[in-house]
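Report on the structure given below.
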Amino acid sequence: MDYVLTKDLKDHLGQEVTMKGWVYNFRSSGKIMFVQFRDGYGFVQVVASEEEVGAEVWQKLGELALEISIELTGRVSKHPKKEEYEVQLVSLKMVGASVDYPIGKKEHGPDFLLSNRHLWLRSQKQWAIMRIRNVVINAIYEYLNEQNFIKIDAPVLTPNACEGTTTLFELDYFDQGKAYLTQSGQLYIEAAIFSVGRCFDFGPVFRAEKSKTRRHLTEFWMMDAEAAYVEHAENMKIQEGNIRHIIRMVLEKCQSELAILERDIEPLKKADNDFKIMSYEETIGYLQANGSDIKYGEDLGGDDETILTAKSEVPVFVDKWPKDIKAFYTKVCPDDSKLVFNSDLIAPEGYGEVIGGSQREDDYDILLKRMTEEKLPLADYQWYLDLRKYGSVPHSGYGIGLERMVAWMCGVKHIRETIPFPRMISRIYP
Ligand code: 4AD
Ligand code: MG
């Protein structure tokens, strides 16, 4: 590489370097010009004085515009006050013009920004969110590999539903009839554990959610993990370890990004502590006592999730749910056939459910009975039932919603900012 990246400027103090990137912002005060330069890897202030750069370069500086791309050379120096580096401009070359860049420094509404998402991604906060997203993804891979999970990919096109039929995206599949976009790869990686023991998938999933909340997308990324011979309590331990590893990696690797987002990191540090477990029944009692009108037998709403963790520094597992409101594959508790071994993990600070997990029903007869009662098209699920016919074992798994996790780490309220190109019920562009 014949040029230097902003993130490596510290290794070039006092040297003249070449840099390639874009003009994020600029201002001049008389005979000095300050250019906020970004190269994709970071941001740096470039300082140019008319006296030192000479007339020709000074004139080129007059042609700067927001988001114009440039190549520059300059001398690396230490910022006089802050722990930062600066570049004293020597020369400059324009690469690509930028006329009337639509995103200015004034406030824009969310609709305008979303319609310009392809450009909005360049702004500093969005840059920081995407970097943190990347660290969260890698932290998940790292943790799972360490715990002996291998990546097995699940198909996106499926003949059946994983998470109920109300949120399916449907399409015509040649002469095979209807196919659906997957809601979760879980059922397929359940099949794969019988081959490899522990595995996970990680990819886009689709839900035709009619809800327009700040926590819902119609396309989002999910990591589904599954493990043979792991039962409910151990499953929750693995989940806790996974989330705490993500928190630690973000705190360790994303200090400057968190600072750009003005994320208070104290709550994140405190969340890296023993998680709480509350039964569903206990949870309902707690919510009712704290202002919710939820009734036993109902799913938690967004506000309930916020109330539940309002006074908790650590995430809370809501454990052992009524069978009727959880998916067909959840294992029925042996001591209470109305309950299932399902746990939802609710993040603190109002970020809602970040994980859905459960022990899976491994008994052929019980599963078949439940699927029949729920009127599932058994022919489509024959392969799934086979898993309980040939060497069935106790097994468990969980799914992390990537965008919810990133929103929590970043401290951004709406998950639409945590995915490069959000898909919501009223938005498919750009
Ligand atoms: O709780 P869910 O529906 O669980 C499953 O799909 C299981 N099959 C996972 C498994 O056991 N392997 O979804 C998992 C997580 C939720 O906890 C939530 O964080 C996220 O996915 N999620 C969404 N994120 C954004 N937009 C939506 N519409 C979401 N629906 C669920
Ligand atoms: Mg769920």
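No lab work stands behind these numbers, since they all come straight from the coordinates. Owing to the predicted nature of the structure, the values given are computational and were not obtained by experimental measurement. So basically every Cβ, Gly included, is an ideal-geometry build from the backbone, and we count neighbours across all protein chains shown.
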Mind jotting down the three principal axis lengths of the stretch 5-62 based on Cα atoms? Whole angstrom, largest first. 29, 23, 17
log₁₀ of I(q)/I(0) at q = 0.16 Å⁻¹ - the stretch 300-386, Debye sum with one point per alpha carbon: -0.69
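When N counts the residues of the chain, how does its alpha-carbon radius of gyration compare numerically with 2.2 N^0.38 Å, as a ratio? Mind showing how you got there, number by number?
Working: Rg = 25.8 Å, N = 430, 2.2 N^0.38 = 22.0 Å.
Normalised Cα radius of gyration, the chain: 1.17.
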The stretch 1-107: radius of gyration over Cα atoms, expressed as a fraction of 2.2 N^0.38 Å: 1.01
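Find, to one decimal place in angstroms, the Kirkwood hydrodynamic radius of the stretch 145-281, where the mean of 1/r is taken over every pair of different Cα atoms and then inverted. Walk me through the numbers on the way to the answer.
Details: mean 1/r = 0.0567 Å⁻¹.
Computed over Cα pairs of the stretch 145-281, the Kirkwood hydrodynamic radius comes out at 17.6 Å.
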Protection proxy ranking, peptides 303-314, 199-210, average beta carbon neighbours within 10 Å, highest first: 199-210, 303-314
Given labels modelled 7 Å from the Cα in the Cβ direction, how far is it in nm from GLU313 to THR166? 3.8
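In whole percent, what relative contact order does the chain give with Cα contacts below 8 Å and a gap of six or more residues? Write down the numbers at each step before the final one.
Working: 816 pairs, mean separation 59.2, N = 430.
This gives 14 percent for the chain.
Between their Cα atoms, which of LYS10/LYS81; LYS125/LYS269; LYS10/LYS78 are more than 18 Å away from each other? Write out the running numbers ahead of the final one.
Numbers: LYS10/LYS81 16 Å; LYS125/LYS269 21 Å; LYS10/LYS78 9 Å.
Beyond 18 Å between Cα atoms: LYS125/LYS269.
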Would you kindly derive the ³J(HN,Hα) couplings of the stretch 351-363 from the backbone phi angles with the Karplus curve 6.51 cos²θ - 1.76 cosθ + 1.60 (θ = phi - 60°), listing them in order in whole Hz, with x for Gly and Pro? 8, x, 6, 9, 9, x, x, 6, 7, 9, 5, 10, 8
Could you check the spin-label model distance between PHE112 and ALA191? Points 7 Å from the Cα along Cα→Cβ, value in nm. 5.0
Size of the stretch 336-430 as Cα extents on the principal axes (Å, biggest first): 45, 31, 24
For the stretch 36-169, max minus min Cα coordinate along each principal axis, in Å, sorted largest first? 70, 38, 27
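I need the calculated FRET efficiency for the pair TYR364 and LYS413, taking r as the beta carbon distance and R₀ as 51 Å, to the nearest 0.05. Don't skip to the answer; put the middle values down first.
Values: r = 45 Å, r/R0 = 0.88.
Calculated value: 0.70.
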What nm value, rounded to one decimal, do you get for the distance between GLU52 and ILE425 when each label is placed 7 Å out toward the C-beta? 5.7
Show the residues, 5+ positions off or on another chain, whose built amide H is closer than 5 Å to the amide H of VAL205. PHE220, TRP221, MET222
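Determine the relative contact order of the stretch 138-240: mean sequence separation of Cα pairs under 8 Å and six or more apart, normalised by residue count, in whole percent. Write down the numbers at each step before the final one.
Numbers: 166 pairs, mean separation 27.5, N = 103.
Result for the stretch 138-240 is 27 percent.
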Among SER292, SER195, which comes first, then next, by fewest other beta-carbon atoms within 10 Å? SER195, SER292
Taking 51 Å as R0, compute the FRET efficiency from the Cβ-Cβ separation of LYS389 and LYS93 and round it to 0.05. 0.15
Among 184-193, 4-13, how do they line up from the highest to the lowest mean number of other beta-carbon atoms within 10 Å? 184-193, 4-13
Order by protection proxy (mean Cβ within 10 Å, highest first), peptides 157-170, 234-247: 234-247, 157-170
Out of ALA154, ALA48, ALA407, a Gaussian network model of the chain with alpha-carbon springs under 10 Å gives the largest mean-square fluctuation to ALA48
Those aspartates and glutamates that a straight Cα-Cα span of less than 16 Å connects to LYS375, excepting residues fewer than 8 apart in one chain: GLU163, ASP324, ASP365
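Can you tell me the relative contact order of the stretch 186-341? Whole percent, Cα pairs under 8 Å, sequence separation 6 or more.
Working: 164 pairs, mean separation 24.1, N = 156.
Relative contact order of the stretch 186-341: 15 percent.
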